[in-house]
Amino acid sequence: MTRGGRQILHGIDLTVGRPGGAAEVVGLLGPSGGGKTTLMRAAVGVQARVNGSVRVLGERAGSPRVRGRVGYVTQAPAVYDDLTAGENLEFFGALLGGGRESARREPLGDRVGRALATVGLDGARNQVVRTMSGGQRSRVSLATDLLGDPALLVLDEPTVGLDPVLRRDLWATFHDLAAAGTAILVSSHVMDEADRCDRIALLRRGRLLATGTPEELRERTGTVSVEDAFLALVDGDGGTPGGAP
Ligand SMILES: Nc1ncnc2c1ncn2[C@@H]1O[C@H](COP(=O)(O)OP(=O)(O)OP(=O)(O)O)[C@@H](O)[C@H]1O
Ligand SMILES: [Mg+2]
């Protein structure tokens, strides 16, 4: 995968979702510049020059048949400052039209209320986004992506700048969403968030260092934290476990 003429990702092989179709929370972890955003853009289908196959929900990434079923929350919140939280959601909901069948059956106003409640902003529906904190804004942005009842939600560093309580609550939300059938691919460069994932993929310099459950990675490297596991993998990075050259 090239960006600005340079190859950014090398031989990535990563699956989100368990055999049998159960949803899970997969964490994409690694240092800044490692390629997390680029990989997520490829999964959503907005990254140009992808060689190789990126399949999402059984279709080519970004193809019209899956576009409405994949939510993407970018690193910078994409909401209108001069609208209220509710107005933002109504606007994006109207653009979206339907989403999945279940989403189509429920009136937009109700879906807006439910999405705001999911991100803990039920009390802020009528608040203008400009007057919100950074964390609240990013949750409005996340809520817009819940409207379509996505089968896959791709979240690029959604917890950056959030206080510990909000971070914990948001991770609980991710697991609730996964339990309700939405697969989640979430990036972070905060290693302590790794333990909150069902499975993690460690990405460094465009290569997958390793994938597995946090427990598996600790066992494989004989370490007690995922951060230490990551460092051990970096130090022993003669080959490229989990990734082709
Ligand atoms: N538009 C672009 N054109 C050229 N190169 C780019 C572009 N965007 C990113 N890159 C390069 O691609 C590499 C991976 O960047 P990417 O944004 O995917 O990293 P990241 O893991 O998401 O980092 P961060 O944690 O800082 O968000 C970096 O070396 C970066 O310089
Ligand atoms: Mg990024």
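In table form, for the structure just shown:
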{"item": "Fewest-first sequence of T131, T144, T213 by Cβ atoms within 10 Å of each Cβ", "result": "T131, T213, T144"}
{"item": "Cα-centre dipole for region 153-230 with unit charges at Cβ (Lys and Arg positive, Asp and Glu negative), debye to 20", "result": "320"}
{"item": "L28 long-range amide H proximity, modeled H, under 5 Å", "result": "V186, S187, S188, A201"}
{"item": "Cut-off under 5 Å, modelled amide H: who pairs with V56 long-range", "result": "A61"}
{"item": "D_trans [Stokes-Einstein, Kirkwood Rh over alpha-carbon pairs] for the chain, 10 °C, 1.306 mPa s, µm² s⁻¹", "result": "85"}
{"item": "Net charge dipole size for the chain [Lys, Arg +1 and Asp, Glu -1 on Cβ; Debye, nearest 20]", "result": "920"}
{"item": "Low-density loop positions, chymotrypsin sites (Phe, Trp or Tyr not before Pro), region 77-175 - DSSP coil, at most 14 other Cβ in 10 Å", "result": "Y80"}
{"item": "Phi to ³J(HN,Hα) by Karplus 6.51 cos²θ - 1.76 cosθ + 1.60 over region 106-116, Hz, x for Gly, Pro", "result": "9, x, 4, x, 5, 5, 4, x, 5, 5, 5"}
{"item": "Neighbour-count ranking [beta-carbon atoms within 10 angstrom, fewest first] of D235, D81", "result": "D235, D81"}
{"item": "Charge dipole (debye, nearest 20) of region 78-150; +1 at Cβ of Lys and Arg, -1 at Cβ of Asp and Glu", "result": "120"}
{"item": "Lys/Arg +1, Asp/Glu -1 at C-beta; the chain dipole; positive extreme among A43, G120, A201", "result": "A43"}
{"item": "In sequence order, calculated HN-Hα J values of region 182-196 (Karplus, 6.51, -1.76, 1.60; Hz; x Gly/Pro)", "result": "9, 6, 10, 10, 10, 9, 6, 10, 8, 5, 5, 7, 4, 5, 8"}
{"item": "Signed unit charges on C-beta, dipole axis of the chain, positive-most listed residue V25, T144, T213", "result": "T144"}
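No lab work stands behind these numbers, since they all come straight from the coordinates. Bear in mind the structure is a predicted one, so any value in this text is a computation, not a measurement. Neighbour counts are summed over all protein chains in view; Cβ atoms, including those assigned to glycine, are modelled from backbone coordinates with ideal geometry.
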